[in-house]
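Chemist: Sharing a structure with you now.
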Amino acid sequence: MSETLLEMRKITKRFPGVLANDRISFDLLRGEVHALVGENGAGKTTLMKILYGLYSPDSGSISIKGGKLSIKNPKEAINSGIGMVHQHFMLIPPFTVLENIIIGEETQKFGILNEEKPAEKIRGLMEKNGLIVDINTKVEDIPVGIQQRVEILKILYRGAEILVFDEPTAVLTPQEAEELFKTFRQLTAQGKGIIFISHKLDEVLEIADRITVIRKGQVVKTLDGNEASKSLIAELMVGKPVLLEVKRPDVSPGRVILEVRNLDLKDYRKIAVLNDVSFTVHSGEVYGIAGVEGNGQTELISVIAEAAPIEHGDILLDGESVVNWDVRKRRDAGISHIPEDRHKYGLLLPFTLAENLTLGMHHKKPFVNSFQIINRKKIQEHARRVISIFDIRTPSELTPALALSGGNQQKVIVARELSAEPKLLLAAQPTRGVDIGATEFIHNQLMEAKKEGRAILLVSADLDEVMSLSDRIGVMYKGKIIKEFTREETTKEEIGFYMMGEKEHARN
Amino acid sequence: MPGIKLRFDRYKLLEIFAPVAGFLASIVVLLIIVIVVGESPGEALVAIYKFSLSSSAKVATILSVSIPLFFAGIAVAFAFQSGVFNIGAEGQYYFGGLIGAMAGIYLHLPAFIHIPVVILFSMAGGALWALIPAILKVTKNVHEVITTIMFNSIALALVNYLVNGPLSGLGQGKSLEPQTAKIQSTALFGKLNGFFRMLGWNVPDYVYLDYSLIVAVITGFIVWFVLFRMRHGFEIRAIGISLDVSRYSGMKVKQLQLSAFVISGALSGLIGLQEIFAIRGYYTYGIASGLGFDGIAIALIGKNSPLGVVFASLLFAFLKQAGYGLQFYTSVPNSVIYVITGLMILFIVVINEIVAAYIRTLRKKEAV
Ligand SMILES: Nc1ncnc2c1ncn2[C@@H]1O[C@H](COP(=O)(O)OP(=O)(O)OP(=O)(O)O)[C@@H](O)[C@H]1O
Ligand SMILES: [Mg+2]
């Protein structure tokens, strides 16, 4: 039996209107990956923030390697060997990787920064853990997956033994996730302990030695990794059996809603990010874009939704070119958008849920009257309705958006964009960070929207999601749609093959 | 839920407590300085009291002094709500006041039209002076702090030149201070002192509680209504939170910034009303200066909310009066008094910020 690194006992934390953690007990052994799963708002992040000294518990105790202690702030947490990789990275973009890692721990002599020693130490850590990064590049120039490595190096540099990962894979491609798990294995082999939070149960089953399920702030059960199954975990999480499948309605696609013609786009360095992209999406149809992240999907969505200027080509909504329209005109004409980065683009965090749920329609009746005066009653009614339909877990519609759990924030955005009753819905990673029950619900809502004759353009890093929802699938590679399939005529393997650009090479 | 209400109230209380704490701390510093310069702290306190709260006349004076401060605060706060740092209220009221005064001097209208007209001209002048920095910001991305500071100097120089040169009214008046011609009586602001006396508040004649007080009350209400009850204000507050989110939801971010900036300029134009149309009756570049900068501190202490600005401007008016009190009743040198009022403001702002930061961490710990 290996040593207990961490023991949290009977942790209770109450927020106004919510009991977020209700006598939760949780422990972590040396050399194990202990997964923490539960519905959105179950209290996972809260528990971890307590461990990291960001929240203070109302009651309960924490001991590390047998010694009881109270952690008042992140500094103390770090000193006790706890490291946390937040879902939103805490890096300083214009600083180099090296500077980001040593920040706050600089070694200096007469006020002059010594970068030699730290660089050596970091190289050692990189080799030992398979976390290879060029330490002299700026963080703003490296992709998300690599930034995460920097975060991990940062906490290892500070000597962490207990590593907390709150939904680390939500922003990763499946390949990057595999890399991360390799790193997990190397870390546990060195005797570190890892707490892993994820809504992707396949991943949890793959990597976790033990799995603790929490529901509504309470521990339901701690399972052994090899005695668990997806349906068992799901049932424990939700409290009743979960179907885990979408009912795809039989809808025959109608007229063309979105037509994209020969779209070209270059980025600020004059590198082509979209290259002669053409496709159509019909009413009542889901068009899925598959592809490794960073192959132009983000840019494609942003030229349609956000009115980003294009080099060449045309975008037609219901036969009308929207290229010269601003965002408001596009929205008013029936384009809705679930953005990929919900914090940056989706929510006004200090504003109430009610206000956030009408954002983008807030200028229309009945939310304002003819004199442009806000009708707060209507806004709140609308909010209450949407909150109950979408099962958003919140004390009230007047709660600020920042008080919601990550998954519930995502539900707010999905609910808002669907309640606008769009002609065309641009859904980028619509279920990122959302629990399985809610994922199922969102999928069914999308199918409902399809039944109502809406056109849906879906971008997702999750190939299963693309496969199960789409009628047609376009594979994007290096800014091009290199192949288009109907769902029936292809397989996951074949799409994966195209995603790597293999067929393109074969052809040349 | 009742729990939420309670929490909110507790933080509100702390927030209100912040300026009070800053105020008390600044009094302590004041007493220390007074002791250092060799005066009796007791006498100093008496002096302050005598000059600020000792009689209804003194209280009325504070209210009177707070009027231009209120306009300054609300002008800056409006821009702050949208994330625009309008440091140019100073230049905007110099210029706005001049335009308003021109309308008062050269237009011939009956009083019931003339007064609204000079108010609107003052606002238009202020707006105009904000317009160029605003356009530079939204089209060329030139930071407003730099442009507005430069425009403050330009306004000062321009007004100085105009009042000494083309618009000089010397020869009519007896004063040697460079000034414009007299504003027509139809555009002068009458006093409300009689009205207050009727209500039983004994406001002596030398205190200026004039029409600008009415303008202030109406302005405060309109600003509150626009910001918190109208779509335009909602969008202005939204861009103050996140430009990206606002843009994604279809708001015309640049237009909103421009309008918030220009409205802030228009509000700045009101700062000079009392001095020009009630107190002096002519325009001079010697109208009280520095109010635009006071406005920044007032907006900060008032948390950019109209009601907060009301309290903050009263507090500032009190500080100013306290300064005069020291000047009159003690032998504390003038320069030291400026230091003291400056320090008091600094203390209030700093303690305010410390408490705000403390509330933020409390919120983090307990949330909401
Ligand atoms: N800062 C806060 N203020 C008020 N309530 C909060 C705050 N943070 C979390 N909560 C509430 O506490 C509960 C637990 O939230 P938490 O973020 O721990 O959930 P989670 O399990 O991490 O969910 P998700 O899977 O969606 O990230 C939720 O009901 C949430 O609304
Ligand atoms: Mg969470």
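To keep it simple, each residue is scored yes or no on (1) part of a helix (DSSP H, G or I); (2) under 28 Å from B:G100 (Cα atoms); (3) more than 13 Å from the chain's Cα centre (by Cα).
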site	(1), (2), (3)
B:Q255	yes, yes, yes
B:I276	yes, yes, yes
B:S289	no, yes, no
B:I298	yes, yes, no
B:K303	no, no, yes
B:V309	yes, yes, no
B:T341	yes, no, yes
B:I345	yes, no, yes
B:V349	yes, no, yes
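Chemist: Any residue at all in segment A:23-35 that is within 16 Å of ligand 1 (Cβ to nearest atom), in contact with a Phe, Trp or Tyr (Cβ under 9 Å, 6 or more places away or on another chain) and under 23 Å from A:I436 (Cα atoms)?
Modeler: Yes: one or more hits.
Chemist: Something else about it: So if I check each of A:E206, A:E151, A:E167, which one is acidic (D, E), in contact (Cβ under 8 Å) with a residue 24 or more places away in the chain, open to solvent by 10 Å² or more (accessible area, probe 1.4 Å) and touching a strand residue (DSSP E or B) at 6+ places or on another chain (Cβ under 8 Å)?
Modeler: Of A:E206, A:E151, A:E167, the one residue that is acidic (D, E), in contact (Cβ under 8 Å) with a residue 24 or more places away in the chain, open to solvent by 10 Å² or more (accessible area, probe 1.4 Å) and touching a strand residue (DSSP E or B) at 6+ places or on another chain (Cβ under 8 Å) is A:E167.
Chemist: If you don't mind, there's one more thing I want to ask. Just a yes or no: is a residue in segment A:49-64 polar (S, T, N, Q), closer than 26 Å to A:L236 by Cα and surrounded by 19 or more Cβ atoms within 10 Å (Cβ to Cβ)?
Modeler: no
Chemist: Identify the residue in segment A:361-370 that is in contact with a Lys or Arg (Cβ under 9 Å, 6 or more places away or on another chain) and modelled with pLDDT of 90 or more and, among all such residues, is farthest from the other protein chains (Cβ to nearest Cβ).
Modeler: In this case the residue turns out to be A:P366.
Chemist: Continuing with this model, one more query. If you scan segment A:117-170, which residues turn out to be closer than 17 Å to A:G191 by Cα and within 16 Å of ligand 2 (Cβ to nearest atom)?
Modeler: A:V164, A:F165
Chemist: Please pick out the residue among A:I413, A:I387, A:I436 that is touching a Gly at 6+ places or on another chain (Cβ under 6 Å) and within 30 Å of A:E235 (Cα to Cα).
Modeler: Going through A:I413, A:I387, A:I436 in turn, the sole match is A:I413.
Chemist: Output the number of the condition that A:G407 fails; it satisfies all remaining conditions of (1) within 16 Å of ligand 2 (Cβ to nearest atom); (2) within 13 Å of another protein chain (Cβ to nearest Cβ); (3) not β-branched (V, I, T).
Modeler: The number of the failed condition is (2).
Chemist: Here's another thing I want to ask about it. Checking the conditions here, which among B:L156, B:L209 is within 24 Å of the chain's Cα centre (by Cα) and open to solvent by 30 Å² or more (accessible area, probe 1.4 Å)?
Modeler: Unique residue meeting the criteria: B:L156.
Chemist: Condition (residue is within 14 Å of another protein chain (Cβ to nearest Cβ) and open to solvent by 20 Å² or more (accessible area, probe 1.4 Å)) applied to segment A:279-296: is it met by at least one residue?
Modeler: No, segment A:279-296 contains no residue that is within 14 Å of another protein chain (Cβ to nearest Cβ) and open to solvent by 20 Å² or more (accessible area, probe 1.4 Å).
Chemist: With respect to B:V226, determine if the residue is open to solvent by 10 Å² or more (accessible area, probe 1.4 Å), away from chain A (no Cβ under 14 Å) and modelled with pLDDT of 95 or more.
Modeler: no
Chemist: What are the residue pairs meeting all of these: first residue in segment A:31-59, first residue at positive phi and within 14 Å of chain B (Cβ to nearest Cβ), second residue more than 10 Å from ligand 1 (Cβ to nearest atom) and open to solvent by 20 Å² or more (accessible area, probe 1.4 Å), Cβ atoms under 6 Å, and 6 or more apart or on different chains?
Modeler: Taking only residues 6 or more apart or on different chains, the pairs are A:G53/A:K72; A:G53/A:N73; A:G53/A:P74; A:G53/A:E76.
Chemist: With the requirement that a residue be open to solvent by less than 30 Å² (accessible area, probe 1.4 Å) and not aliphatic (A, V, I, L, M), what does segment B:130-139 give you?
Modeler: B:P133
Chemist: Still on this structure, please answer the following. Does A:I413 satisfy the criteria of being closer than 19 Å to B:A238 by Cβ and within 16 Å of ligand 2 (Cβ to nearest atom)?
Modeler: Yes: the conditions hold for A:I413.
Chemist: B:I214: more than 14 Å from chain A (Cβ to nearest Cβ) and either open to solvent by less than 40 Å² (accessible area, probe 1.4 Å) or of a type in the set (G, A, S) (or both), yes or no?
Modeler: no
Chemist: Quick one: in segment A:330-355, of everything that is more than 21 Å from the chain's Cα centre (by Cα) and within 10 Å of chain B (Cβ to nearest Cβ), which residue is surrounded by the most Cβ atoms within 10 Å (Cβ to Cβ)?
Modeler: A:I335
Chemist: Could you figure out which of (1) in a helix (DSSP H, G or I); (2) within 16 Å of ligand 2 (Cβ to nearest atom) isn't true of A:L205?
Modeler: With respect to (1) in a helix (DSSP H, G or I); (2) within 16 Å of ligand 2 (Cβ to nearest atom), A:L205 is out only on (2).
Chemist: From the list A:T358, A:T394, exactly one residue is surrounded by 24 or more Cβ atoms within 10 Å (Cβ to Cβ), β-branched (V, I, T) and within 13 Å of chain B (Cβ to nearest Cβ). Which is it?
Modeler: Matching residue, one of A:T358, A:T394: A:T358.
Chemist: Kindly provide the set of residues from segment B:32-44 that are among the hydrophobic types (A, V, I, L, M, F, W, C) and either surrounded by 17 or more Cβ atoms within 10 Å (Cβ to Cβ) or in a loop (DSSP other than H, G, I, E, B) (or both), ordered by number.
Modeler: Within segment B:32-44, B:I33, B:V34, B:V37, B:A44 meet the criteria.
Chemist: Looking at the structure I just gave you, is A:S470 at pLDDT 90 or above, surrounded by 22 or more Cβ atoms within 10 Å (Cβ to Cβ) and either within 30 Å of A:L232 (Cα to Cα) or in contact with a strand residue (DSSP E or B) (Cβ under 6 Å, 6 or more places away or on another chain) (or both)?
Modeler: Here the answer is yes, as A:S470 does meet what is asked.
Chemist: Now for a different question. How many residues does segment A:416-449 hold that are within 16 Å of ligand 2 (Cβ to nearest atom), surrounded by fewer than 24 Cβ atoms within 10 Å (Cβ to Cβ) and over 13 Å from the mean Cα position of the chain (by Cα)?
Modeler: Residues in segment A:416-449 being within 16 Å of ligand 2 (Cβ to nearest atom), surrounded by fewer than 24 Cβ atoms within 10 Å (Cβ to Cβ) and over 13 Å from the mean Cα position of the chain (by Cα): 2 in total.
Okay, residues lined up against (1) without any contact (Cβ under 8 Å) to a residue 40 or more places away in the chain; (2) more than 8 Å from chain A (Cβ to nearest Cβ); (3) open to solvent by less than 40 Å² (accessible area, probe 1.4 Å):
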| site | (1), (2), (3) |
| --- | --- |
| B:H232 | yes, no, no |
| B:V245 | yes, no, yes |
| B:K252 | yes, no, no |
| B:L270 | no, yes, yes |
| B:E275 | no, yes, yes |
| B:Y282 | no, yes, yes |
| B:I287 | no, yes, yes |
| B:G292 | no, yes, yes |
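Chemist: So if I check each of A:S470, A:S419, which one is in contact with a Leu (Cβ under 8 Å, 6 or more places away or on another chain), farther than 14 Å from A:I289 by Cβ and of a type in the set (S, T, Y)?
Modeler: A:S419
Chemist: Could you check, for segment B:295-318, whether at least one of its residues is open to solvent by less than 50 Å² (accessible area, probe 1.4 Å), of a type in the set (F, W, Y) and away from chain A (no Cβ under 14 Å)?
Modeler: Yes - at least one qualifying residue is present in segment B:295-318.
Chemist: Just one of (1) in a loop (DSSP other than H, G, I, E, B); (2) more than 12 Å from every other protein chain (Cβ to nearest Cβ); (3) of a type outside the set (A, V, I, L, M, F, W, C) trips up A:D314, so point out which.
Modeler: A:D314 satisfies all of (1) in a loop (DSSP other than H, G, I, E, B); (2) more than 12 Å from every other protein chain (Cβ to nearest Cβ); (3) of a type outside the set (A, V, I, L, M, F, W, C) except (1).
Chemist: Going through A:T173, A:T188, A:T183 one at a time, which residue ends up being farther than 25 Å from A:T4 by Cα and either within 16 Å of ligand 1 (Cβ to nearest atom) or open to solvent by less than 30 Å² (accessible area, probe 1.4 Å) (or both)?
Modeler: Being farther than 25 Å from A:T4 by Cα and either within 16 Å of ligand 1 (Cβ to nearest atom) or open to solvent by less than 30 Å² (accessible area, probe 1.4 Å) (or both) holds for just one of A:T173, A:T188, A:T183, which is A:T173.
The values are calculated or read from the model by the stated rules, or taken from the named source; none is laboratory data. Just so you know, these numbers come straight off a predicted model, no measurement behind them. Note that we place each Cβ from the backbone using ideal geometry, even for glycine, and neighbour counts take in every protein chain shown. In case anyone asks, the SASA skips ligands and DNA or RNA and just uses the protein heavy atoms, side chains included. Shrake-Rupley method; radii C 1.70, N 1.55, O 1.52, S 1.80 Å.
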